[in-house]
Amino acid sequence: MKRRRLELAVLGTGVVFLAVLAVSFRPSRKPAAGKENAPPAAPSGDDSGQATTLLDGFDFTESIAGKPLLRIQADRTVGYGPAAGLAPHLYAGENVTLTVYPEEGEPVTVHSDRADYDERTRRSRLEGNVRWTDADGSLARTETVVFHPATRALEAPGRVRFTRGSIDLTAPSARYEVRERVVRFAGPVEGSGTGEDSAGLSRLTAREGLYRRDEGVLELTAVDGQSRTGDRFGSDRLVVQMASAGAGRPEWARATGNVRGILSAEGAASGVGAEKLERQYTGEEGMLQFDAAGKARSFALAGSPALLWGPKRRITAPRIELVFEKGRASGARAQGGVRIESDDSRAGAERASVHLAGDGAERNATLEGAVRVEADGYRAEAARAEELDSGKRWLLTAGAGRSARVESGTSRLSADRIEILREEKRVRAEGHARAVFSPDARRKSRTVTFVGDSKRPVYGKADRILLDDARGAATLSGAASLWQDTSSLFADEIAISDAEKTVTATQNVRAVLTPVLDREKAGDPGARAASIVSAKRLLYRDADRSARFEGGVTVVRGGWRAQGAESTAWLDKDGEVESVEISGDVRMTDRTVGRSGQAEKALDYPKTGKTVLWGSPARVIDAGGNQVAGAVLTILDRGRSVEITAPEGGKTETIHRTRKD
């Protein structure tokens, strides 16, 4: 045979073999043994001539500079020529083994039952159980391979089957372009296997395919694949890059055009009536990375946008990456304008990641960068948000220079850290917590507070704030305060109940109630003074606009000061103090007029500057030491005069100190 032509023939069949390696999975069984030796058959065609040469146990190696190029082995080889004694022009061999040695890498070995070579046309033909093997134990089979020297192409006109480990790949025919070093597979191309090291796919079909030998790249068009567990994959075009020579596994695969698929969690739908947890995806381009064992490591999906959705959630982003563990999707990461939507919530962020449990269910999600969340009537913003407990809880954290924020109905909340408990309908804020409580204009409701105007927003802050929307309540604890304009309430803890229409404050209570300044009274210093009440506990009831203070009460208004065991203040519709009642060993002083008093009970009217004292008796002492005593003492004109009422059947008492006294 001619060395060059036979080398090309064997080299071409090797390329066909390498192309189908692109879908191989793991080392496989050894090729089957050939048939028993038999008398050589004449080459195909009617002009084979006469048998002129017979060689038994043929073994020939062609080398250059000591380096082998080609080795031909056969049990028997027969040469056919025009007549005895003339040089043969056709050669036929049986149980043929052809080995080609490339310049680098492992050799490629081809086996066939028969092979013939026509020296006149340079045409080679291998027939009968033609098979190729490599150092990794892969095996490819076909019945015929023909080399066409005019077109410099190797053609397998019949069905080509490749097996390696658990995979089979078949094509109706294949053609190798020698100059381009490309193998073209006619379609439909079909593959099957266990899916152990092919990203889970156990069946694959394509309209056609080609293999670029130099680059080690397999290209398929109109691809559709599926796994035994229900996974599906499809794209207009798929490019598979094989790993380095001898590895026999894919390194990465790129899909473009109408990329689509289904991820199905095996065993997730077990049991009668159980939900089938399928997750689908679509995009314009996808990149699949394989690990050293040929298993899927990650799948990056790009689109405008790319989509990943399941029975309860939909993720859209320019880029979505699926992460795999042991061949199963364990999580998803999305970047660039991410949106996560479900039936009862919506979220957006610059980046997001979702953890997928073993049964395919989504467990936790993390969003970062300009996070926006809407769920169950809550609207939130944060630098970072975590969805925990399978979506039952959201944890929001602040970023540099910006707090986490939540809106719930007409209330707004901000803090370093905010937790939304969806099932309990609660919001917890910690760290520099701030709140705005506003009346609902649509429902014409009022803000439950006794500081300021209940028809206007009231502001609050504390170390921690809890909104309980199920109970219509809010609790501020740790240096808590509520305020509107210059009216305010301070305490260790403040609780607001919309349901009960109450405000409760405990420990270190201090209330500042500033009246709205009337233009006609603008020049009256007493009319401008705020009422400041200190106590251990406060209970405000919106039904009668009463605020009851307990535990060492002190009331201050300008230069007027009163102390007692407990006190009750009544507010008008604008939140201003109508009157304040103080009881229990009342002590009162008024620096503006130099007067002091004692009583069992006192009732103060800040708007009119009137104070009424009750006692047995009640006493008032002025700066000069003069005293008056009676059952009821009424101080008028902001302390400028006192009316005395005697007890029933009793007398009043007046002590006037003269200069001599």
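The values are calculated or read from the model by the stated rules, or taken from the named source; none is laboratory data. Being a predicted model, the structure only gives us computed values, none of them experimental. Every residue, glycine among them, receives a Cβ derived from its backbone with ideal geometry; neighbour counts consider all protein chains shown. Heads up: the accessible areas ignore ligands, DNA and RNA and are worked out on the full protein's heavy atoms, side chains in. Shrake-Rupley method; radii C 1.70, N 1.55, O 1.52, S 1.80 Å.
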*Residues that are open to solvent by 30 Å² or more (accessible area, probe 1.4 Å), modelled with pLDDT under 75 and among the hydroxyl-bearing types (Ser, Thr, Tyr), drawn from region 436-463*: SER445
*Taking GLU341, is it closer than 25 Å to VAL239 by Cβ and of a type in the set (D, E, K, R)?*
no
*asked:* Of everything in region 192-212, what is more than 14 Å from GLY234 (Cβ to Cβ), at pLDDT below 90 and either open to solvent by 30 Å² or more (accessible area, probe 1.4 Å) or not in a loop (DSSP other than H, G, I, E, B) (or both)? Give them in sequence order.
replied: SER192, THR194, GLU196, GLY209, LEU210, TYR211, ARG212
*With respect to ARG114, is the statement that it is open to solvent by 40 Å² or more (accessible area, probe 1.4 Å), under 19 Å from ALA51 (Cα atoms) and at pLDDT 80 or above true?*
yes
*Enumeration of residues in region 484-502 that are part of a strand (DSSP E or B), under 39 Å from the mean Cα position of the chain (by Cα) and within 15 Å of VAL458 (Cβ to Cβ)*: ILE494, ALA495, ILE496, SER497
*Consider TRP570 against the criteria (1) surrounded by fewer than 19 Cβ atoms within 10 Å (Cβ to Cβ); (2) more than 60 Å from the chain's Cα centre (by Cα): it satisfies all of them except one. Which criterion is unmet?*
(2)
*Of the conditions (1) at pLDDT 90 or above; (2) charged (D, E, K, R); (3) open to solvent by 80 Å² or more (accessible area, probe 1.4 Å), LYS392 fails just one. Which one is it?*
(1)
*All but one of (1) at pLDDT 90 or above; (2) more than 24 Å from SER616 (Cα to Cα); (3) not aliphatic (A, V, I, L, M) hold for GLY564, so report the exception by its number.*
(2)
*Hits in region 379-436 (condition: among the hydrophobic types (A, V, I, L, M, F, W, C) and not in a strand (DSSP E or B))*: ALA398, ALA400
*Looking at region 323-351, which of its residues are in a strand (DSSP E or B), more than 20 Å from GLY391 (Cα to Cα) and either within 11 Å of the chain's Cα centre (by Cα) or modelled with pLDDT under 90 (or both)?*
VAL323, PHE324, GLU325, ARG328, GLN335
*Count of region 464-481 residues which are under 23 Å from LYS425 (Cα atoms) and open to solvent by less than 30 Å² (accessible area, probe 1.4 Å)*: 10
_Residue that is at pLDDT 90 or above and either under 30 Å from ILE465 (Cα atoms) or surrounded by fewer than 16 Cβ atoms within 10 Å (Cβ to Cβ) (or both), where the choices are VAL555, VAL586_ = VAL555
*For ALA474, are the conditions met, namely being within 31 Å of the chain's Cα centre (by Cα), outside any loop (DSSP other than H, G, I, E, B), at pLDDT below 95 and within 21 Å of ALA511 (Cα to Cα)?*
yes
*Do you know which residues across region 131-161 are part of a strand (DSSP E or B) and modelled with pLDDT under 75?*
TRP132, THR133, LEU139, ALA140, PHE147, HIS148, ALA153, LEU154
_Residue under question is ASP416, and the condition is that it be more than 19 Å from the chain's Cα centre (by Cα) and either open to solvent by less than 70 Å² (accessible area, probe 1.4 Å) or among the hydroxyl-bearing types (Ser, Thr, Tyr) (or both); does it hold?_
yes
*Quick check: is even one residue across region 586-596 in contact with a helix residue (DSSP H, G or I) (Cβ under 8 Å, 6 or more places away or on another chain) and among the charged types (D, E, K, R)?*
yes
*Quick one: which of ASP498, ASP492 is at pLDDT below 95 and among the charged types (D, E, K, R)?*
ASP498
*Report whether or not ALA317 is over 15 Å from GLY283 (Cα atoms) and open to solvent by less than 20 Å² (accessible area, probe 1.4 Å).*
no
*Has region 601-614 got at least one residue that is more than 19 Å from VAL555 (Cβ to Cβ), open to solvent by 50 Å² or more (accessible area, probe 1.4 Å) and modelled with pLDDT of 85 or more?*
no
_I'm trying to understand the selection: among the residues of region 279-326, which are in contact (Cβ under 8 Å) with a residue 12 or more places away in the chain and acidic (Asp, Glu)?_
GLU284, GLU285, GLU321
